[in-house]
Amino acid sequence: MLLTRAEQVVLLTGSCLPQVHAAQSTAQRLRTELDAVSEDLGTLTIAVVGPGRPYEAQEIAQHCALPLAGTLPWDPAAAGVYSTGERPDRRFARGRLNASLDALASTLRQRVAERAHRLLVATGGAR
């Protein structure tokens, strides 16, 4: 299964109650699936779209018992560029969504590097 071979698994959720409830049950299912193949659950994180609508990102991460990888702003117009091919406006490239995506990507790269180092140390490969 592809999920078990991933360097990082990011559960992306919104911040309203039905989305948080679905994220909690999905997080539990993902933990069960990943735990079946490895004791290292360091690949599983959560990211929140539109924090504060009404629940905050850290609150959601705690409720789902997952580390928070980052947040993305609620920006339907910018998201439409990626999801449905809407034409970007002139501010799109420097907008909040792209800045947040860059920050999330940076966090995930750092988590992958840290996990690789932990695994290397655990197997005796690092000195």
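No value in this document is a laboratory result; all are computed from the given coordinates. Given the structure is predicted, the values throughout are model-derived calculations rather than measurements. No Cβ is skipped: glycine too gets one built from the backbone with ideal geometry, and neighbour counts run over all protein chains shown.
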- Mean separation of Cα pairs under 8 Å and 6+ residues apart, divided by the residue count of the stretch 1-55: what relative contact order is that in percent? 54
- Item | Rg and Dmax [Cα atoms of the stretch 2-122; Å; Rg one decimal, Dmax integer] | 15.6, 48
- Query: Roughly how big is the chain's charge dipole about its Cα centre, with Cβ charges of +1 (Lys, Arg) and -1 (Asp, Glu), in debye to the nearest 20?
  - Reply: 360
- Only helices counted: for the chain, with every DSSP H run of 4 or more residues adding -39500 (n - 2.57) and the sum spread over all residues, [θ] at 222 nm is -16500 deg cm²/dmol
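So if each residue of separation counts as 0.36 nm, and I subtract the Cα-Cα distance between residue 38 and residue 79, what length gain in nm does that give?
Values: separation 41, 0.36 × 41 = 14.76 nm, distance 3.42 nm.
Computed gain between residue 38 and residue 79 is 11.3 nm.
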- Based on the Cβ-Cβ distance of residue 26 and residue 89, what FRET efficiency does E = 1/(1 + (r/R0)^6) give at R0 = 25 Å, to the nearest 0.05? 0.15
- Query: Per-residue HN-Hα couplings for the stretch 52-58, Karplus 6.51 cos²θ - 1.76 cosθ + 1.60 at θ = phi - 60°, whole Hz, x for Gly and Pro?
  - Reply: x, 10, x, 8, 7, 4, 5
- Note on the structure: Scalar couplings 3J(HN,Hα) for the stretch 71-79 by Karplus 6.51 cos²θ - 1.76 cosθ + 1.60 (θ = phi - 60°), nearest whole Hz, x for Gly and Pro, are 10, 10, x, 7, 9, x, 5, 5, 4
- Query: Which GluC sites (Glu not before Pro) does the stretch 1-67 hold that lie in a coil by DSSP with at most 16 other beta carbons within 10 Å?
  - Reply: 7, 39, 56
- Query: Could you give the length gained on full extension between residue 109 and residue 5, defined as 0.36 nm per residue of separation minus the Cα-Cα distance, in nm?
  - Reply: 35.8 nm
- Task: Run the numbers on the chain and let me know its relative contact order in percent, using alpha-carbon pairs under 8 Å that are six or more apart.
- Result: 23
